[in-house]
Amino acid sequence: MPPNAPKSLDAKLARLVQDPNCGDFILADAKDADMAFGLAAPGQDPDMQGTTRYRSLDQYRQLIRENVRTGLVDIMLMSVSTSCLLTIEEGLFHNSPITPAVRANDATDVWAVSENAYIQRPSRPFRTAAIDHAMAGRLDPAPDDRRRGADLGLYSVTFNNDLERDIASLEAYAAFREEAERKGFRHFLEVFAPNACGDACPNDLGCYINDCVVRTLAGVPGPARPLFLKVPYLGPGPTEALAGFDRSLIVGILGGSSGTTFDAFHQLVEARRHGARVALYGRMINHSEHQPTFIQHLRWLADGDLTDPAEAVRSYHAALEQLGVTPYRPLGDDLQPSSRSLAYQRGPTRRPAAAPDADEAPDFAAMTNEEKVAWNRARWNRVFP
């Protein structure tokens, strides 16, 4: 690759806007967990299975370097501190087709530190990261210095069907957009499911999230709009509805919590089939046995080179065997969908009031307010285990 190599993200976005069915798919490795989890962010040290020992931050960053060198993803999402080291100081992305990106805000619903109560309370806007730091590594840089770092960020919003909280989140997002546009900083928008909606939980989460996305962006013109969306995959219906509404809104999904390898591969195939054109995987990649091999299989599925999730799982296990890497689960177990995968296939289900399952899509109309609160808390604890 020549210096300042063209980025695969830019080429794919241009083609997808012209033709959403062109066959392109954008894949991101989300290594921004230190903005949420604290010491547990890098994931468990694979050499210390069965213990509570985690990788160090240096090990986490080395994984980023290794995954970037494969060239298999289109975006590497990091914290600003990690990006400043790898993007600005080391020049890791200078000759790479991969686009560096940073988490541009960290609202309170991603404060998943140990023994916390933050994620059980309605999300409040907050932003540690400064755009100048992301782009140049220091405040008030010269315009040319802003080309040294990342010019792309993830901005997340959580709506809780709470007027005052949601207005505050929208005002913070508007302020971010204005600053970003002035400084030439691009972004993509993540919209989480409600994290603490109490007695105002929507009956149809997919419809609620879609409507919030459309309403939020209706007053935002082209230069200030997100490049693409990142939303939970809640099944074929919501994904198709959002993808079909406005071709300028490229729909992406978030990976969510770890499950079996089949979960990850099946989710990608299903989302792609129903209109998603971007997928961002964090814990699913980070908790895999061999990250480059796992990403290679995600890439094959994203590009349509593999179409059967079960076949991909078998191929992944065969590759692990060739590498001499012991899988975390036997092949038979890893081919099984867990409850997180089955939830969106089943659709709304009724459940005993005393035992809400955070991975199922409940019939909110049949639940009391207390049951809704319990379901949302359990779901968020599953998303941030």
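Taking segment 265-299 on its own, how many of its residues are assigned to a loop (DSSP other than H, G, I, E, B) and either within 18 Å of Ser315 (Cβ to Cβ) or among the basic types (Lys, Arg) (or both)?
Residues flagged as assigned to a loop (DSSP other than H, G, I, E, B) and either within 18 Å of Ser315 (Cβ to Cβ) or among the basic types (Lys, Arg) (or both) within segment 265-299 amount to 4.
State all residues of segment 11-53 that are in contact (Cβ under 8 Å) with a residue 40 or more places away in the chain, among the charged types (D, E, K, R) and within 14 Å of His287 (Cβ to Cβ); if no residue qualifies, say none.
The answer is Asp29, Lys31.
Which residues, taken from segment 95-120, are among the charged types (D, E, K, R) and at pLDDT 95 or above?
Hits for segment 95-120 are Arg103, Asp106, Asp109.
So which of Asp140, Asp144 ends up being outside any strand (DSSP E or B) and closer than 20 Å to Phe93 by Cβ?
Asp144
Give all pairs with beta carbons closer than 7 Å in which a residue from segment 86-115 that is over 23 Å from Tyr173 (Cα atoms) meets a residue that is hydroxyl-bearing (Ser, Thr, Tyr); count only pairs at least 6 apart in sequence or on separate chains.
Here the result reads Phe93/Thr87; Pro97/Ser8, each pair linking segment 86-115 to a residue that is hydroxyl-bearing (Ser, Thr, Tyr).
Give me the residue from segment 293-310 that is surrounded by fewer than 14 Cβ atoms within 10 Å (Cβ to Cβ) and not small (Gly, Ala, Ser) and, out of that set, nearest to the chain's Cα centre (by Cα).
Across segment 293-310, the extreme among qualifying residues is Asp303.
Is it the case that Ala172 is of a type in the set (Gly, Ala, Ser), within 16 Å of Ala193 (Cα to Cα), touching a residue at least 60 places away in the same chain (Cβ under 8 Å) and surrounded by 15 or more Cβ atoms within 10 Å (Cβ to Cβ)? Talk me through it step by step, then tell me what you get.
Numbers: of a type in the set (Gly, Ala, Ser): yes; within 16 Å of Ala193 (Cα to Cα): no; touching a residue at least 60 places away in the same chain (Cβ under 8 Å): yes; surrounded by 15 or more Cβ atoms within 10 Å (Cβ to Cβ): yes.
Judged against the criteria, Ala172 is not a match.
Quick check, is Ala180 surrounded by 15 or more Cβ atoms within 10 Å (Cβ to Cβ), in contact with a strand residue (DSSP E or B) (Cβ under 7 Å, 6 or more places away or on another chain), closer than 18 Å to Val110 by Cβ and among the aliphatic types (A, V, I, L, M)?
So Ala180 does not fit the description; no.
Let's see how each residue does on (1) over 26 Å from Cys84 (Cβ atoms); (2) at pLDDT 95 or above; (3) surrounded by fewer than 21 Cβ atoms within 10 Å (Cβ to Cβ):
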residue: Leu154; (1), (2), (3): no, yes, no
residue: Ala193; (1), (2), (3): yes, yes, no
residue: Ile209; (1), (2), (3): yes, yes, no
residue: Leu217; (1), (2), (3): yes, yes, yes
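The rows are residues; the columns are (1) surrounded by 16 or more Cβ atoms within 10 Å (Cβ to Cβ); (2) within 27 Å of Arg61 (Cβ to Cβ).
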{"position": "Pro232", "(1), (2)": "yes, no"}
{"position": "Glu240", "(1), (2)": "no, no"}
{"position": "Gly256", "(1), (2)": "yes, yes"}
{"position": "Ala276", "(1), (2)": "yes, no"}
{"position": "Ala279", "(1), (2)": "yes, yes"}
{"position": "Tyr316", "(1), (2)": "yes, yes"}
{"position": "Glu321", "(1), (2)": "no, no"}
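Name the one entry in Thr87, Thr70 that is over 26 Å from Tyr155 (Cβ atoms), hydroxyl-bearing (Ser, Thr, Tyr) and at pLDDT 95 or above.
Thr70
If you take the residues of segment 1-21 that are loosely packed, with under 13 Cβ neighbours inside 10 Å and of a type outside the set (D, E, K, R), which of them is modelled with the lowest pLDDT?
Met1
Restricting the search to segment 232-264, which residues are under 17 Å from the mean Cα position of the chain (by Cα), in a loop (DSSP other than H, G, I, E, B) and under 24 Å from Leu9 (Cα atoms)?
Those that are under 17 Å from the mean Cα position of the chain (by Cα), in a loop (DSSP other than H, G, I, E, B) and under 24 Å from Leu9 (Cα atoms): Tyr233, Leu249, Ile250, Val251, Gly255, Gly256.
The values are calculated or read from the model by the stated rules, or taken from the named source; none is laboratory data. Everything numeric here is computed off the predicted structure, so don't read it as measured data. Positions of Cβ are backbone-derived with ideal geometry, glycine not excepted, and every protein chain shown enters the neighbour counts.
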